[in-house]
Amino acid sequence: MGEVEKKYAYTTLITRASYLAGVIILAHSLRKQGSKYPLLVYYTNGLKQDAVRALELEASRLNLILRPCDLLLPRADVQVHLIAERFGDTWTKLRVFDCTEYDTVCYLDADMAIFNTNMDSVFSKADQLPHDWIAANHACVCNLDKDEWAPEDWTKENCAYTPISHPDALTHPTQGKPDSRPTYHLLNSGMFLYHPSKVLWDDMLDFFNTTDKLGTYKFPDQDFLADFFRNRWLSLGWQYNALKTMRYWHTNIWRDDEVVCLHYIVDKPWAARVGADGAAGYKGRDGESHTWWWREYAEWMEQRQAGEGDEVLDIVSKYVASEDGSENSDPDMRAIGSKVQAFAGNKAPGASQKDDSSASQGEQGNASGAHVMRKKHLGEHGHGPVVHPNGRGKMPL
């Protein structure tokens, strides 16, 4: 008998309708580049019904498998200190580890898109990945914009991308070792490859429920994964999680035509049109990469206009910037646009904290900079908390 073919998939998470266009174009670009594998779309129970409807309409067209899920939030006694409000419900990303019917899965954030070539090549790393490891990319810690929230050791010299060069960086990225400098142990959780299993999922939930470190994490799921998988993660080439800022921060490795998966960190391209002067993005430097996203969106629109896609076009168009460049009135859309300071007002643990209800919401959450998530312990059998419709931890949509 021949060897049984491995079962692979991609996953993503959406908790807010403001990320609908991101999920659609992620799926569109995966399919366009020839991916053979489905995209499992985890969505929380509070996602707006029109966004759910759009995903249902696109499921057969873009090879989506929809998976409703509850929010995942820390236990009641945990006081979290987040860099930005937008990270408040990204703990839920950990739920993607429960898809144990697959041998290997690649998680992709909803603010990513695939360019130039097939992303399926990432699964070639699966066989060299131990069952309780993940493969991921380092966090870029250059902090060239001198954001005040960043730790003192977040410098160009301490970034794992600084000592490598093109073209070796594609195949021989910096690998962290137990005795590596602290910043080399930090990963970016926008993309990671993993082997789902009940044992791994149960271990993660146990750590989530019992560790006293949750309150120290500035980037919830990202810091959790770096801690949980410390000395158990394999570094991948930058091309699989190409942060848009690396285009001008890491010219030592970046080449436009070698990007596989582009990660639109901070503000999202669909929240604002590229200016007539070519400016786009949080600092105005992302016109080129944002233009790539808008080209994919235009292509997707043309395909739906040629078929029976009026309903999904009407829905998705509510969650992208209008052609006249006017600002979307939806507060969630404004929260992911270029005019919003993504890290405004949040202090490090130990600093003076105050509740500011006017602070910007963001990525897929609106937790304040420091507050208590008053939720019960995770449920039995690893299914997580039951989040009731009017529960305090529910993120409004």
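The values are calculated or read from the model by the stated rules, or taken from the named source; none is laboratory data. Computed from a predicted structure; not experimentally measured. So basically every Cβ, Gly included, is an ideal-geometry build from the backbone, and we count neighbours across all protein chains shown.
How many residues are more than 15 Å from the chain's Cα centre (by Cα) and either in contact (Cβ under 8 Å) with a residue 12 or more places away in the chain or within 22 Å of Cys106 (Cα to Cα) (or both) if we restrict to region 267-277? Residues that pass the stated criteria total 6. Figure legend. Inter-residue proximity from region 183-209: first residues farther than 15 Å from Phe224 by Cβ, second residues among the aromatic types (Phe, Trp, Tyr) and assigned to a helix (DSSP H, G or I), beta-carbon distance below 7 Å, spacing 6+ or different chains. Indicated pairs: Met191/Tyr240; Pro196/Phe97.
Of the strands (runs of 3 or more DSSP E) lying entirely inside region 99-166, those carrying at least 1 residues that are of a type in the set (S, T, N, Q) and out of contact with any His (no Cβ under 7 Å at 6 or more places or on another chain) are 134-138.
Given the conditions (1) modelled with pLDDT of 95 or more; (2) closer than 19 Å to Met112 by Cα, which single one is not true for Val266? Looking at each condition in turn, Val266 falls short on (1). Scanning region 56-83 for residues that are modelled with pLDDT under 95, crowded, with 23+ Cβ neighbours inside 10 Å and under 21 Å from Gly46 (Cα atoms) yields Leu71, Leu72, Leu73, Pro74. Restrict the check to region 174-181 and report whether at least one residue is surrounded by 13 or more Cβ atoms within 10 Å (Cβ to Cβ), within 27 Å of Trp91 (Cβ to Cβ), within 19 Å of the chain's Cα centre (by Cα) and small (Gly, Ala, Ser). Scanning region 174-181 turns up no residue that is surrounded by 13 or more Cβ atoms within 10 Å (Cβ to Cβ), within 27 Å of Trp91 (Cβ to Cβ), within 19 Å of the chain's Cα centre (by Cα) and small (Gly, Ala, Ser). Can you say whether Asn231 is out of contact with any Phe, Trp or Tyr (no Cβ under 7 Å at 6 or more places or on another chain), over 25 Å from Asp89 (Cβ atoms) and either assigned to a loop (DSSP other than H, G, I, E, B) or of a type in the set (S, T, N, Q) (or both), as far as the supplied structure shows? Criteria met by Asn231.
For (1) outside any helix (DSSP H, G or I); (2) of a type in the set (Phe, Trp, Tyr); (3) closer than 30 Å to Glu58 by Cβ; (4) over 19 Å from the mean Cα position of the chain (by Cα), each residue gets a yes or a no:
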| site | (1), (2), (3), (4) |
| --- | --- |
| Asp202 | no, no, no, yes |
| Ile265 | yes, no, yes, no |
| Gly281 | yes, no, yes, no |
| Glu302 | no, no, yes, yes |
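Pairs are defined by a Cβ separation below 8 Å, a sequence spacing of at least 6 or placement on different chains, a first member in region 140-158 that is among the hydroxyl-bearing types (Ser, Thr, Tyr), and a second member that is surrounded by 12 or more Cβ atoms within 10 Å (Cβ to Cβ); the pairs so defined are Thr155/Val141; Thr155/Cys142; Thr155/Asn143.
Among the residues of region 96-114, the one identified as touching a Leu at 6+ places or on another chain (Cβ under 6 Å) and within 24 Å of Thr162 (Cβ to Cβ) is Met112. Checking each residue in region 161-172 for being crowded, with 21+ Cβ neighbours inside 10 Å and either touching a Lys or Arg at 6+ places or on another chain (Cβ under 9 Å) or not aliphatic (A, V, I, L, M) (or both) picks out only Tyr161. Look through region 131-153, keep the residues that are surrounded by fewer than 17 Cβ atoms within 10 Å (Cβ to Cβ) and not acidic (Asp, Glu), and return whichever of them is modelled with the highest pLDDT. Among them, the one singled out is His131.
Tally up the residues in region 210-260 that are free of Cβ contacts under 8 Å to residues at least 24 places away in the same chain and in contact with a strand residue (DSSP E or B) (Cβ under 6 Å, 6 or more places away or on another chain), please. Residues meeting the conditions: 1. Of the residues in region 313-322, not one is of a type in the set (A, V, I, L, M), exposed (fewer than 12 other Cβ atoms within 10 Å of the Cβ) and out of contact with any Lys or Arg (no Cβ under 7 Å at 6 or more places or on another chain).
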